[in-house]
Amino acid sequence: MAKRKSWEEKNNNIHKSRKVIIDTVFGREDNTQRVHGYEGKVEEKREVGETWVDSDGKHWEQKEGYKVNVSQMDDVRSYLEKLNTCSSENCKNIKYGYADKKLIRKTGMCSNCLAEFETKLRIDGTFPFYEDYKLTRNKLAYVRDLKMRYEDALNGLKVNFEQITEDGRVENWKWDVDIDKVKNDLKRDIDGASEAIDTLLERKSALEEKLIELNHAELIKK
Ligand SMILES: [Zn+2]
């Protein structure tokens, strides 16, 4: 009996990035978690403009290259408190830990309330659809980003380009590749991404209909 070919063997003729799209859409490898980097970061990197409260209750804002203490500003404080407070009405959590704060920013709820909320969804049978919906939206964001990067790459593709040297001279460089082949590969990848986006959008709206049917329209995100 012939040995069954693995997915890798069968598809090693597929262009690499096309395979990433296929794997993403059909869930052969969960890229979404890795790409969006949910967990595992010890040191939090702050974005410029981001505001947060440290463990001493001090309010900070990240500026370009430095952070400022904004404790004096009451409106900022109340805004922050809202951002960093669990939105659940029955929340009994008094002091949020680091994981809670991260979760609140991402989901609006602390870990206890989120667990409670998800348990309710499990009981009424909504949970698998809710999970699938979250995953589908993550995949959609991922493939859209991928497609944009392919399009940027295609638009910026040139065989000849100029490089300015340290002493200010302009040097002409020629990239030694089969430019038509690279272009065609990229176009195929863009097409693949578009197909994937259509598939994911269909899945997303089917799941939205299901969530409405289950009386959970509040779970639908834009
Ligand atoms: Zn809570």
Practice task
Report, by residue number, each residue of region 84-98 that is surrounded by 15 or more Cβ atoms within 10 Å (Cβ to Cβ) and under 24 Å from the mean Cα position of the chain (by Cα).
Solution key: Asn84, Thr85, Cys86
Exercise for the section: Could you tell me whether Lys101 is basic (Lys, Arg), over 23 Å from the mean Cα position of the chain (by Cα) and within 16 Å of the ligand (Cβ to nearest atom)? Expected result: no
Practice task
Go through region 125-134 and count every residue that is at pLDDT 95 or above and either under 18 Å from Ala196 (Cα atoms) or β-branched (Val, Ile, Thr) (or both).
Solution key: 3
Exercise for the section: Please report, ordered by residue number, the strands (runs of 3 or more DSSP E) entirely within region 1-105 with at least 3 residues that are modelled with pLDDT of 75 or more. Expected result: 51-53, 59-63
Practice task
Considering every residue within region 152-162, establish whether at least one is under 21 Å from the mean Cα position of the chain (by Cα) and not in a loop (DSSP other than H, G, I, E, B).
Solution key: yes
Completion exercise
Contact list, first residue from region 96-125 and in contact (Cβ under 8 Å) with a residue 24 or more places away in the chain and within 16 Å of Leu219 (Cα to Cα), second anywhere and more than 9 Å from the ligand (Cβ to nearest atom) and in a helix (DSSP H, G or I), beta-carbon distance below 7 Å, six or more apart or interchain, is Leu121/Phe127; Leu121/Tyr130
Fill in the blank from the handout: If we keep only residues of region 133-149 that are among the basic types (Lys, Arg) and free of Cβ contacts under 8 Å to residues at least 60 places away in the same chain, then the residue nearest to Leu201 (Cα to Cα) is Arg144
Exercise for the section: Identify all residues within region 117-151 that are of a type outside the set (A, V, I, L, M, F, W, C), over 20 Å from the mean Cα position of the chain (by Cα) and surrounded by 14 or more Cβ atoms within 10 Å (Cβ to Cβ); write none if there are none. Expected result: Glu118, Thr126
Completion exercise
Those residues of region 163-203 which are in a loop (DSSP other than H, G, I, E, B) and aromatic (Phe, Trp, Tyr) amount to Trp175
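The values are calculated or read from the model by the stated rules, or taken from the named source; none is laboratory data. Everything numeric in this text was worked out from a predicted model, so none of it was measured. Don't worry about glycine lacking a Cβ; one is built from the backbone with ideal geometry, like all the others, and counts go over all protein chains shown.
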